[in-house]
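Below is one structure; the comments refer to it alone.
The values are calculated or read from the model by the stated rules, or taken from the named source; none is laboratory data. Values in this document were obtained by computation on a predicted structure and should not be read as measured data. For neighbour counting, all protein chains shown are included, and Cβ atoms are generated from backbone atoms with ideal geometry for every residue, glycine included. When the accessible area is computed, the model is the full protein with side chains, heavy atoms only, and any ligands, DNA or RNA have been set aside. Shrake-Rupley method; radii C 1.70, N 1.55, O 1.52, S 1.80 Å.
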Amino acid sequence: MNRTSARTATALVSTAVALLLLATACSSGTSDDDADGPDEPTPTASAPAPSRSATPAAPAPGKSGAPSSPASASPSGSGPAKAKIWQPRPGTAWQWQLNGHVDEGPDVPVYDIDGFENTAADVAALHSRGRKAICYINAGAWENFRPDKEAFPNEVRGENNGWDGERWLDIRRIDVLRPLMERRFDMCKEKGFDGVEPDLMDGYLNKTGFPLTAADQLAYNRMLSGLAHARGLAVGLKNDLQQIPDLVGAFDFAVNEQCAQYDECALLTPFVKADKAVFHVEYELPAKDFCAESDKLGLSSMRKNLKLDVWRQPC
C-alpha cells in the first residue's frame, strides 16, 4: 500500500477511516451470488417451452411431485425446466403400421408403430431419417400374446372385445392397472419413442363385462395422459369422441378410426382448433369419399387395410 509519499494528518485520518470501512464490509460474510451458485445466468433463449397439456403431468413412479433440487437453484424459484413435449400439428402426414416389424418405405414425418414389436434400433433408424415415432400400446384390453400378459390378474379381464386373444380391462381398477401401464410407458420411453398411442380408450361405450361409466373413463384416460407427460412423451386420444371437450387439453394429438363413415369427423375440431394433429384412417370408404372433408377440417387422413400393414392411401 506504500504507493505515495508522506500525507497530511487529515489525509491520513481519512485514509484510516476508509480502510476501516472497507475491512468491515469484507468481513460481513459471503455474497448472495456465492451462496446461490455460479454468477453465470441461466440462459432463457434455449429453455424448453412448457407442455401444452391443461392437465398437470403426474409425477414419475416412485417419486414425489417435488423437484429433486431446491427451488432456489432456479433464478425464478420455479424449479428445473421440464423437457419439451413433442406437439404434432394439424395436417402432418403419417404412417400407421401395427402389423409386424416397421417398414420404413413411406416418406412421411410420423410413424405410429407397435411398441412391443419394434426395438430401440428401429426407433433410432426412424429418427436418423428425421421422423417421429409413436409407440402403440393397448391400454384398454388384455392381450394373450404380450410378454407381460401374466401380470394382469384375472379379476381385471372382462369380455372379449371382438379381437382374438383380447379381453376388455376393468379400468376402474387404477390401483392395479396404473403400475402395469407405467411399465409399458417406461418401455416406450426407454426405446426412444416421441409419443404414445394408448388404444381402446372408450371401453365405457362397449360391453366389457364391467359397469363402466363416463367418469371412470375420464379418470383412466387422464391417468394415461399423466403417465406419458411425466416421461416427456406426447400422448394421443384414441377415438372417445364424446369426451373430447373434456380431454383435448390433456392430450397432444388424436387418433381416429372411421369418423367419416359414421359422419363424426366434425367432433374432432377441438383438436385442430388447439393446433393439435388428428391422425385419421378409414377402412371401407374410398379416399374420394372422405378426403375433401378431411382437408377442409384439417385432418391427417388416409385409407388403410384393417390389418394395418404397410399399405396406405393418403389424401
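Pick from the range 101-135 the residues that are out of contact with any strand residue (DSSP E or B) (no Cβ under 8 Å at 6 or more places or on another chain) and among the small types (Gly, Ala, Ser): which of them is surrounded by the fewest Cβ atoms within 10 Å (Cβ to Cβ)?
That would be Gly130.
May I ask you to list the residues in the range 252-280 that are of a type outside the set (S, T, N, Q), more than 21 Å from the chain's Cα centre (by Cα) and either more than 26 Å from Trp86 (Cα to Cα) or crowded, with 24+ Cβ neighbours inside 10 Å (or both)?
Those that are of a type outside the set (S, T, N, Q), more than 21 Å from the chain's Cα centre (by Cα) and either more than 26 Å from Trp86 (Cα to Cα) or crowded, with 24+ Cβ neighbours inside 10 Å (or both): Cys259, Ala260, Tyr262, Asp263, Glu264.
So, in the range 295-315, exactly how many residues are polar (S, T, N, Q), over 26 Å from the mean Cα position of the chain (by Cα) and not in a loop (DSSP other than H, G, I, E, B)?
Step one: list which residues in the range 295-315 are polar (S, T, N, Q), which gives 300-301, 305, 313.
In the following step, the residues that additionally are over 26 Å from the mean Cα position of the chain (by Cα) were identified as 305, 313.
After this cut, where a residue has to be not in a loop (DSSP other than H, G, I, E, B) as well, the list is 313.
Residues flagged as polar (S, T, N, Q), over 26 Å from the mean Cα position of the chain (by Cα) and not in a loop (DSSP other than H, G, I, E, B) within the range 295-315 amount to 1.
Does any residue in the range 150-174 that is open to solvent by 40 Å² or more (accessible area, probe 1.4 Å) come within less than 8 Å, Cβ to Cβ, of a residue that is in a helix (DSSP H, G or I) and of a type in the set (Asp, Glu) six or more places away or on a different chain, and which pairs are these?
Arg172/Asp216; Arg173/Glu155
If Phe145 meets every condition in (1) part of a loop (DSSP other than H, G, I, E, B); (2) closer than 27 Å to Thr208 by Cα; (3) touching a Pro at 6+ places or on another chain (Cβ under 8 Å) apart from one, which number is that one?
All conditions pass for Phe145, except number (3).
Out of contact with any helix residue (DSSP H, G or I) (no Cβ under 8 Å at 6 or more places or on another chain), open to solvent by 10 Å² or more (accessible area, probe 1.4 Å) and either closer than 27 Å to Lys207 by Cβ or in contact (Cβ under 8 Å) with a residue 24 or more places away in the chain (or both): is that true of Asn138 in this structure?
no
Restricting attention to the range 175-198, and to residues there that are of a type in the set (D, E, K, R) and part of a helix (DSSP H, G or I), which single residue is farthest from the chain's Cα centre (by Cα)?
Let us first name the residues in the range 175-198 that are of a type in the set (D, E, K, R), namely 175, 178, 182-184, 186, 189-191, 194, 197.
Remaining after also requiring part of a helix (DSSP H, G or I): 175, 178, 182-184, 186, 189-190.
Values: Asp175: 22, Arg178: 16, Glu182: 13, Arg183: 15, Arg184: 14, Asp186: 12, Lys189: 10, Glu190: 14 Å.
Among them, the one singled out is Asp175.
Mind checking which residues of the range 188-199 are surrounded by 18 or more Cβ atoms within 10 Å (Cβ to Cβ) and either free of Cβ contacts under 8 Å to residues at least 12 places away in the same chain or more than 24 Å from Asn256 (Cα to Cα) (or both)?
Within the range 188-199, Lys191 is the sole residue that qualifies.
So, of the residues in the range 203-228 that are touching a strand residue (DSSP E or B) at 6+ places or on another chain (Cβ under 8 Å) and open to solvent by 10 Å² or more (accessible area, probe 1.4 Å), which turns out to be nearest to Phe253 (Cα to Cα)?
Filtering first and then ranking leaves Asn206.
Of (1) of a type in the set (Ser, Thr, Tyr); (2) in contact with an Asp or Glu (Cβ under 8 Å, 6 or more places away or on another chain); (3) assigned to a loop (DSSP other than H, G, I, E, B), Thr92 satisfies all except one. Which?
So Thr92 meets the others, but not (2).
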